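Working notes, beginning with the structure itself.
The values are calculated or read from the model by the stated rules, or taken from the named source; none is laboratory data. Bear in mind the structure is a predicted one, so any value in this text is a computation, not a measurement. Cβ atoms come from the backbone with ideal geometry, glycine included; neighbour counts cover every protein chain shown. We work out accessible area using only protein heavy atoms, side chains counted, and drop any ligands, DNA or RNA first. Shrake-Rupley method; radii C 1.70, N 1.55, O 1.52, S 1.80 Å.
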Amino acid sequence: MGYEVGGALGAKMADPGRDVYCFIGDGTFLLSSQEIMTAVQENLKLTVLLVDNYGYGSIAALSETRGSQGFACRFNYRGDDGQYSDDRINVDLAANAASYGADVLTATTASELKQALADATEIDNTVVIYIKVDAKGRFGGSGAWWDVPVPEVSELDSTQDARKEYDEQVTTQRLYL
C-alpha cells in the first residue's frame, strides 16, 4: 500500500510512450494521492482507477478472517459510546483528484466503467476514474494462506476461533527456500 500512483508515475517516466494504468483503493489513495499532481505537473498522463469502498477494504477482509471484525478499517465516526458508528465520513475523493489537476470521470456500472476507460484514452491529461463500490462486497479468497498471527488472548469468540484455526494452519506451513 502506498506505492501505486508513485509506481505508475515511475513506469510512465521510464517509458513516456506507453499507456500506464493504476488501480488504487480509497485508503491507499489517501496515503499517496499527491503523486497525481506530480503527473499533471510533469505532463505525464496516467489513468488511475480509484475504487471507493469507504475504507481499507482488503485490510478489513483480512482482519475479519482473523477474528477482529475489521476494527477501525472503515471511514466511520465514533458514536457517543466510543464505538465506531455506521455514520460515514464522506471524503470527496473525486474532488480531491480534480484539485490536483486531473480530469475525473465516474463509473457506477460495468458498462460505465468500459465507457470511462474508452473516454480516458481520448484525454491527454492524467485521468482518475472514480468508482464507488459496495463497502461490504467480497469476492472470495485467493486460496492462499497468509501467516498473520492472531492474538492469543481475547474475549471475542471470533478471535478465539481464529486463533485455533491459525494454530492448526501454522503447523502445515512450509518454507520455499
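Observations on the model:
- Inter-residue pairs, beta-carbon under 9 Å, first closer than 12 Å to Gly55 by Cα and among the aliphatic types (A, V, I, L, M) and in the stretch 73-94, second surrounded by fewer than 13 Cβ atoms within 10 Å (Cβ to Cβ) and at pLDDT below 85, 6+ apart: Ile89/Tyr77
- Residues being aliphatic (A, V, I, L, M), in contact (Cβ under 8 Å) with a residue 40 or more places away in the chain and open to solvent by less than 60 Å² (accessible area, probe 1.4 Å) - total across the stretch 1-58: 11
- Any hit, the stretch 95-102, residues being part of a loop (DSSP other than H, G, I, E, B) and not small (Gly, Ala, Ser): yes
- For the residues Val170, Val153, Val128, the requirement of being of a type outside the set (S, T, N, Q), within 21 Å of Val40 (Cβ to Cβ) and either modelled with pLDDT of 85 or more or surrounded by fewer than 16 Cβ atoms within 10 Å (Cβ to Cβ) (or both) singles out Val128.
- Residue within the stretch 111-118 that is basic (Lys, Arg), over 30 Å from Gly17 (Cβ atoms) and open to solvent by 70 Å² or more (accessible area, probe 1.4 Å) present: no
- Considering only residues in the stretch 101-110 that are open to solvent by 70 Å² or more (accessible area, probe 1.4 Å) and β-branched (Val, Ile, Thr), the one that is farthest from Thr28 (Cα to Cα) turns out to be Thr108.
- Single residue of the stretch 63-100 satisfying the filter (of a type in the set (Gly, Ala, Ser) and over 30 Å from Asp167 (Cβ atoms)) that is surrounded by the most Cβ atoms within 10 Å (Cβ to Cβ): Ala97
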